[in-house]
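Student: After the structure tokens below, expect a handful of questions from me.
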Amino acid sequence: MANKTKYFIGNWKMFGVPKSINILNKINSFYSRDKNKKKYKIVFTPPFTLIETFSKQFLNKKISIGAQNCFEKDPFSSDTAAVSPYMLKKVGAKYVIIGHSDNRSQGDTNTMLKHKVKFALRNKLKIIFCIGENNVQKKNKKTLAILRNQLFKVLEKKYDSRNIIIAYEPIWSIGTGHLPSEKELVLVINYIRQVLKKIFGKNIPPILYGGSVDKISINFFKNIGLIDGFLIGGASKSSKNFIDIIKNFYK
Ligand code: PGA
């Protein structure tokens, strides 16, 4: 576990225009010089509008480009504004986030997520599958039951777990600066591992943490060896912040 490749994944959400590629250029040049570079992978998920140009720009570089979501039908349909996994693949995306709490709160159900995962994997995209409990569920001690349900209802044993990354993102921690305690996090991550083991057997996908990860909070997370990487929202919009997260992680 501890020696597995780590992931630093930047989720830009509704941020970025073509010239924002400068942020990735700076991160890429840091990466090329970093003595720790063999230990981790960098993925960025810009908005749909930038995927094609960014993918071309970073085709032979170390930063991989992904999408923040996809539609649950494939390859084409008559749904206005929908973008399918096939369409993402064709413009160069390598990864896709599925089940982010922003999209779950806008109506994504487990059934819809199941279709998204199926089609994304069929198109040879790697999925970053987000799970997490909200504040009320946490207060009512429902966290483990919620996570179990989110995993069991969507992931299938037949999938190749090498194409799957799990991101545990407690909703109450996203963009709020609130962090789980070490004890809570260890308990939850171990539980997620157990559930994933039931689904996939010994090939357990990497488990990332997301929620208020920045250059300060990374000092807390880096000591929890169970975490395979981070899904980073706000702090991924600045090259300096993102680079500082990696620097502090390996300090
Ligand atoms: P945050 O967002 O880092 O701004 O809390 C994380 C996410 O939503 O993926």
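The values are calculated or read from the model by the stated rules, or taken from the named source; none is laboratory data. Here the structure is a predicted model, which means the values were calculated and not measured. Positions of Cβ are backbone-derived with ideal geometry, glycine not excepted, and every protein chain shown enters the neighbour counts. Areas reflect the complete protein model, heavy atoms only, side chains present, ligands, DNA and RNA absent. Shrake-Rupley method; radii C 1.70, N 1.55, O 1.52, S 1.80 Å.
Student: Quick test for you: out of Asn22, Asn3, Asn60, pick the one residue that is modelled with pLDDT under 95 and over 20 Å from the mean Cα position of the chain (by Cα).
Tutor: Numbers: Asn22 fails: modelled with pLDDT under 95; Asn3 fails: over 20 Å from the mean Cα position of the chain (by Cα).
Of the residues listed, the single one that is modelled with pLDDT under 95 and over 20 Å from the mean Cα position of the chain (by Cα) is Asn60.
Student: Name the one entry in Asp74, Asp108 that is surrounded by 18 or more Cβ atoms within 10 Å (Cβ to Cβ), over 18 Å from the mean Cα position of the chain (by Cα), in a loop (DSSP other than H, G, I, E, B) and among the charged types (D, E, K, R).
Tutor: Numbers: Asp108 fails: over 18 Å from the mean Cα position of the chain (by Cα).
Testing whether each residue is surrounded by 18 or more Cβ atoms within 10 Å (Cβ to Cβ), over 18 Å from the mean Cα position of the chain (by Cα), in a loop (DSSP other than H, G, I, E, B) and among the charged types (D, E, K, R) leaves just Asp74.
Student: Which pairs do you get when a residue that is open to solvent by less than 30 Å² (accessible area, probe 1.4 Å), found in segment 203-232, comes within reach of a residue that is part of a loop (DSSP other than H, G, I, E, B) and charged (D, E, K, R), reach meaning Cβ atoms under 7 angstrom, with the pair 6+ apart or on two chains?
Tutor: From segment 203-232, the pairs are Pro206/Lys4; Pro206/Asp228; Ile207/Asp228; Leu208/Asp228; Gly210/Glu169; Gly211/Glu169; Asp228/Lys4; Leu231/Glu169.
Student: Which residue, of Leu125, Leu88, is closer than 30 Å to Tyr250 by Cβ, open to solvent by less than 30 Å² (accessible area, probe 1.4 Å) and among the aliphatic types (A, V, I, L, M)?
Tutor: On the way: Leu88 fails: closer than 30 Å to Tyr250 by Cβ.
None of the other options fit; the residue is Leu125.
Student: Looking at segment 171-188, I want the residues that are free of Cβ contacts under 8 Å to residues at least 60 places away in the same chain and among the polar types (S, T, N, Q) and have a partner that is within 8 Å of the ligand (Cβ to nearest atom) and not in a loop (DSSP other than H, G, I, E, B) with Cβ atoms under 7 Å, at least 6 apart or on another chain. Which pairs are those?
Tutor: Short answer, once both residue conditions are applied: none.
Yes/no per residue for (1) assigned to a helix (DSSP H, G or I); (2) surrounded by fewer than 17 Cβ atoms within 10 Å (Cβ to Cβ); (3) within 16 Å of the ligand (Cβ to nearest atom); (4) within 12 Å of the chain's Cα centre (by Cα):
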site	(1), (2), (3), (4)
Gly92	no, no, no, no
Val96	no, no, yes, yes
Asn103	yes, no, yes, no
Val154	no, no, no, no
